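Down below is the structure, laid out as structure tokens.
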Amino acid sequence: MATEIKAPTFPESVAEGSVAAWHKKPGDSVERDELIVEIETDKVVLEVLAPEAGVLSETLVEEGDTVESEQVLGRIGEGEAKGGKASAESGDNQDAKAEKSSEAKAETSSEAKADKPAAGGGEKHEVKAPTFPESIQEGTVASWNKQVGEAVKRDEVLAEIETDKVVLEVVAPADGALVEIKAEEGSQVESEAVLGIFAEGAGGEADTAADVEPAASADDGASDKQVGDKILAPAARKLVAEHDLDVSKIEGTGKGGRILKEDVQRAVKEGSAAKGAKSAKASTGSAKAAAPAPAVEGERPEKRVPMSRLRQTIAKRLVQAQQTAAMLTTYNEVDMGAVMELRAQYKDTFVKTHDVKLGFMGFFVKAASEALKRFPDVNASIDGTDIVYHGYQDIGVAVSTDRGLVVPVLRDTDSMKIADVEKGIVDFGKRARDGKLGIDEMQGGTFTITNGGIFGSLMSTPIINPPQTAILGMHKIQERPMAVNGKVEIRPMMYLAVSYDHRMIDGKDAVQFLVTIKELLEDPARLLLDI
């Protein structure tokens with residue numbers, strides 16, 4: 001008896017959703033509670049799990065279709081798939097379907113049939129996007145690290161999903177190979193969306209491709225495709241279309257001469273596969289008639305690339321901060337001589353004791369924590385017409401990465417030691433650059449510190465990180481002549497800047513807050529004596 005697969009019960013605020021991805025196809029065997037399909041709503045991506053073990057007998061909705069709460073999406077029949085991919089027609093006789101699929105594969109390629117037991121005989125799994133937090137609705141397939149047919153080890157990274165906050169890794173569930181890619185690089189995916197199909201024990205690119213091709217449609221965009229006498233991998237086909245390349249001019253390095261993504265990238269770099277490259281020299285008109293490419297070559301080259309999701313989010317939040325907050329900035333300068341002498345005196349002992357270098361950020365975090373306790377308005381947030389006063393200090397530290405700026409949060413900094421702060425910042429920096437920060441590590445800060453000085457900035461106006469009401473900007477330490485006790489001395493000085501929301505914080509409190517940080521840094525003993 002067939003079991004119905006139903007969409008989840010949507011929250012009251014969600015009227016409908018769309019089918020983001022099917023992780024199984026008709027004829028595929030499924031285990032109980034295995035992910036079958038993902039439903040994307042305007043808020044979250046919902047996973048639909050198999051209610052029973054069996055074989056997916058039919059799908060009633062296609063990817064991209066709009067569905068309602070608890071709508072029937074497909075059916076699971078009893079039995080076990082034995083022939084790999086099943087035929088498109090549905091029915092209750094799964095053995096007959098598996099037998100028919102095997103016959104179709106035999107007709108397609110006798111070699112594929114011979115390789116089938118070694119390459120695709122293992123259990124197949126759906127490769128799914130990670131479960132996104134509620135604050136993240138979708139992500140972008142940033143890159144596929146493995147191509148169809150390429151052997152991979154268990155827990156090896158298959159793909160990377162870029163959200164507006166972090167880059168999430170999708171790893172292999174077992175030793176085997178990718179047999180199908182359903183979401184191309186650059187495509188939008190929802191939480192737990194099916195990205196591809198993975199087979200355990202798959203042994204090679206040509207074998208796996210032969211296993212997949214009979215079941216994949218010609219226009220699904222996820223399988224290898226033959227153009228003339230060339231076979232293109234999915235990622236390669238996308239790049240060829242983007243750059244409008246002549247496939248016949250690209251040499252494939254994959255198994256059986258298959259053109260891989262790397263081959264297309266090499267051709268783009270060398271400019272050897274552009275359409276009409278020869279005629280362009282002879283005729284300007286023919287060059288103009290050619291399809292436009294995203295990159296314009298010549299003496300004044302231009303390149304147009306889509307903005308990453310992280311960069312889009314950064315832009316949105318910065319503009320939002322300037323449009324919604326009554327932002328004002330106050331400046332001061334701090335003599336860093338005392339902190340620098342302390343670092344020079346204890347840096348070797350500090351490394352031996354705590355296995356981390358003693359930097360400047362630990363002093364600033366501790367000084368800011370103390371100042372936040374004395375000025376609770378600066379440690380507050382605005383929520384609509386309410387003011388939320390935080391009885392703790394969670395300080396975000398801005399970290400620059402190749403993909404953009406991220407702000408991981410140090411929790412309860414008031415109770416942290418300087419060594420704990422330094423260890424936390426080093427860990428954040430490394431994982432941020434590797435794209436391994438978690439969503440929860442970048443949420444809930446009450447105050448932010450950004451250090452433009454490491455890039456040489458002498459002075460800047462930092463922008464508030466909503467819903468926080470203030471941010472501290474550090475800058476470059478530069479020796480300048482200063483009047484000290486009636487004499488001119490050369491001192492290591494740093495400009496400090498505090499941007500604050502004037503709706504919440506009065507100018508007097510903002511200035512005194514910054515002066516407190518200055519005093520604590522110029523006399524670090526105050527941090528120990530709490531004075």
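Would you mention how many residues in segment 35-77 are under 14 Å from Glu126 (Cβ atoms) and among the charged types (D, E, K, R)?
So the count comes out to 3.
Any residue at all in segment 508-526 that is farther than 18 Å from Lys373 by Cα, touching a residue at least 24 places away in the same chain (Cβ under 8 Å) and not acidic (Asp, Glu)?
Checked against the condition, which is being farther than 18 Å from Lys373 by Cα, touching a residue at least 24 places away in the same chain (Cβ under 8 Å) and not acidic (Asp, Glu), segment 508-526 yields no hits at all.
Hey, any hits in segment 506-515 for a residue that's under 13 Å from Val378 (Cβ atoms), surrounded by fewer than 17 Cβ atoms within 10 Å (Cβ to Cβ) and of a type in the set (Val, Ile, Thr)? Even if it seems obvious, please write down each step before you answer.
Taking segment 506-515 as the starting set, the residues that turn out to be under 13 Å from Val378 (Cβ atoms) are 506-515.
Then keep just the ones that are surrounded by fewer than 17 Cβ atoms within 10 Å (Cβ to Cβ); that gives 506-508, 511-512, 515.
Now restrict to residues that are of a type in the set (Val, Ile, Thr): 511, 515.
Checking segment 506-515: at least one residue is under 13 Å from Val378 (Cβ atoms), surrounded by fewer than 17 Cβ atoms within 10 Å (Cβ to Cβ) and of a type in the set (Val, Ile, Thr).
When segment 384-441 is examined, which residues are found to be in a helix (DSSP H, G or I) and of a type in the set (Ser, Thr, Tyr)?
Within segment 384-441, the first condition is being in a helix (DSSP H, G or I), and the residues that meet it are 413-415, 418-433, 439-441.
Scanning segment 384-441 gives Thr413, Ser415.
Would you be able to say whether some residue in segment 440-452 is more than 29 Å from Met504 (Cβ to Cβ) and out of contact with any helix residue (DSSP H, G or I) (no Cβ under 7 Å at 6 or more places or on another chain)? Step through it out loud before you land on a result.
So the first thing to find is which residues in segment 440-452 are more than 29 Å from Met504 (Cβ to Cβ), and the list is none.
No, segment 440-452 contains no residue that is more than 29 Å from Met504 (Cβ to Cβ) and out of contact with any helix residue (DSSP H, G or I) (no Cβ under 7 Å at 6 or more places or on another chain).
Out of Gly486, Gly452, Gly444, Gly456, I need the residue that is at positive phi and under 28 Å from the mean Cα position of the chain (by Cα). Which one?
Numbers: Gly486 fails: under 28 Å from the mean Cα position of the chain (by Cα); Gly452 fails: at positive phi; Gly456 fails: under 28 Å from the mean Cα position of the chain (by Cα).
None of the other options fit; the residue is Gly444.
Report, by residue number, each residue of segment 303-338 that is surrounded by 13 or more Cβ atoms within 10 Å (Cβ to Cβ) and among the β-branched types (Val, Ile, Thr).
Thr313, Ile314, Thr324, Thr329, Thr330, Val334
Could you tell me whether segment 303-311 includes any residue that is of a type in the set (S, T, N, Q), closer than 24 Å to Pro466 by Cβ and modelled with pLDDT under 95? Outline the logic, then answer.
Filtering segment 303-311 down to residues of a type in the set (S, T, N, Q) leaves 308.
From what's left, closer than 24 Å to Pro466 by Cβ: 308.
Restricting the remaining residues to those that are modelled with pLDDT under 95 gives 308.
Scanning segment 303-311 turns up at least one residue that is of a type in the set (S, T, N, Q), closer than 24 Å to Pro466 by Cβ and modelled with pLDDT under 95.
Condition test on Glu192, is it surrounded by fewer than 19 Cβ atoms within 10 Å (Cβ to Cβ) and either at pLDDT below 50 or in the same structural domain as Glu38 (by TED's automatic domain parsing) (or both)?
On the way: surrounded by fewer than 19 Cβ atoms within 10 Å (Cβ to Cβ): no; either at pLDDT below 50 or in the same structural domain as Glu38 (by TED's automatic domain parsing) (or both): yes.
The answer is no for Glu192.
From Ile490, Ile471, Ile477, grab the single residue that is within 22 Å of Lys373 (Cα to Cα), of a type outside the set (Gly, Ala, Ser) and either surrounded by 15 or more Cβ atoms within 10 Å (Cβ to Cβ) or modelled with pLDDT of 95 or more (or both).
Values: Ile490 fails: within 22 Å of Lys373 (Cα to Cα); Ile477 fails: within 22 Å of Lys373 (Cα to Cα).
Matching residue, one of Ile490, Ile471, Ile477: Ile471.
The values are calculated or read from the model by the stated rules, or taken from the named source; none is laboratory data. All figures in this text were calculated on a predicted structure; none of them were measured in a lab. Virtual Cβ from ideal backbone geometry, glycine too; neighbours counted across all protein chains shown.
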